[in-house]
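Structure, as structure tokens:
The values are calculated or read from the model by the stated rules, or taken from the named source; none is laboratory data. Fair warning: this is a prediction, and the values are worked out from it, not measured in the lab. Glycine also receives a Cβ, built like all others from the backbone with ideal geometry; neighbour counts cover every protein chain displayed.
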Amino acid sequence: MFLFRPHHFVCFLSFQGKGYSSDFVDGVNEILTTLKDNPQEKLISVVQGCDSACEKCPNRKFGKCQYDEAVSEKDSAYSTLLNITYGNKLSFSDMQKIRTRIRKEDFIKVCAKCLWFDICLHNLFQ
Ligand code: SF4
């Protein structure tokens, strides 16, 4: 089972191999590969706080994101905007449905300050 915080659905759906470290990128790729190989299986559990992607991130310190305030705001925003409920069990196929709910104006508002904003903007909306 993979744990997903809400804003990471957007990160994974627009992922282009960029990340905070090579370990982090490898971890995301491993998760995506497993999900894509089993598209109907409910392998994702929606959680609050650090998740499976965070496990290999250098910004995770003592089990918590060092940017916790900012990323928790993103989680809260996308939980509402994309109708992602904490505790839900979802599949890769469900992720594709979530993708259709990402509106460009919401993405620009919520993710504007992210390092990979331009890459994700292009991937999601071009
Ligand atoms: S630890 Fe923070 S910066 Fe790293 S992936 Fe998790 S939420 Fe993102």
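Return yes when Val71 is at pLDDT 95 or above, within 15 Å of the ligand (Cβ to nearest atom) and touching a strand residue (DSSP E or B) at 6+ places or on another chain (Cβ under 7 Å) and no when it is not. Write out each step before concluding.
On the way: at pLDDT 95 or above: yes; within 15 Å of the ligand (Cβ to nearest atom): yes; touching a strand residue (DSSP E or B) at 6+ places or on another chain (Cβ under 7 Å): yes.
So Val71 fits the description; yes.
Give me the pairs: first residue in the range 87-113 and under 27 Å from Asn38 (Cα atoms), second residue small (Gly, Ala, Ser), beta-carbon distance under 7 Å, and six or more apart or on different chains, which are they?
Lys89/Ser45
Find all pairs meeting these conditions: Cβ atoms under 7 angstrom apart; at least six residues apart or on different chains; first residue within the range 1-20 and within 15 Å of Asn123 (Cα to Cα); second residue charged (D, E, K, R) and more than 12 Å from the ligand (Cβ to nearest atom).
Hits for this filter: Leu13/Arg99.
In the range 30-48, what count of residues is obtained for those that are surrounded by fewer than 16 Cβ atoms within 10 Å (Cβ to Cβ) and free of Cβ contacts under 8 Å to residues at least 40 places away in the same chain? Even if it seems obvious, please write down each step before you answer.
Going through the range 30-48, the residues surrounded by fewer than 16 Cβ atoms within 10 Å (Cβ to Cβ) turn out to be 30, 33-34, 36-42, 48.
Adding the requirement that they be free of Cβ contacts under 8 Å to residues at least 40 places away in the same chain leaves 30, 33-34, 37.
Total satisfying the criteria: 4.
Checking Ser76 against (1) within 11 Å of the ligand (Cβ to nearest atom); (2) within 14 Å of the chain's Cα centre (by Cα), which test does it fail?
Unmet condition: (1).
Counting only residues that are farther than 22 Å from Ile119 by Cβ, give me the helices (runs of 4 or more DSSP H) lying completely in the range 1-106 with at least 2 of them. Even if it seems obvious, please write down each step before you answer.
Details: elements: 7-13, 22-37, 68-81, 92-99.
In the range 1-106, 22-37, 68-81, 92-99 are the helices (runs of 4 or more DSSP H) which contain 2 or more residues that are farther than 22 Å from Ile119 by Cβ.
Does Asp23 meet the test of being over 26 Å from Ile108 (Cα atoms), without any contact (Cβ under 8 Å) to a residue 24 or more places away in the chain and not hydroxyl-bearing (Ser, Thr, Tyr)? Before the answer, list the steps.
Values: over 26 Å from Ile108 (Cα atoms): yes; without any contact (Cβ under 8 Å) to a residue 24 or more places away in the chain: no; not hydroxyl-bearing (Ser, Thr, Tyr): yes.
The answer is no for Asp23.
Scan the range 1-56 residue by residue and report those that are of a type in the set (A, V, I, L, M, F, W, C), more than 9 Å from the ligand (Cβ to nearest atom) and in contact with a strand residue (DSSP E or B) (Cβ under 6 Å, 6 or more places away or on another chain).
Selection gives Met1, Phe2, Leu3, Phe4, Ile31, Leu43, Ile44, Val46, Val47.
Which one of the conditions (1) free of Cβ contacts under 8 Å to residues at least 24 places away in the same chain; (2) of a type in the set (D, E, K, R); (3) loosely packed, with under 13 Cβ neighbours inside 10 Å does Asp68 fail to meet, given that it meets all the rest?
Unmet condition: (3).
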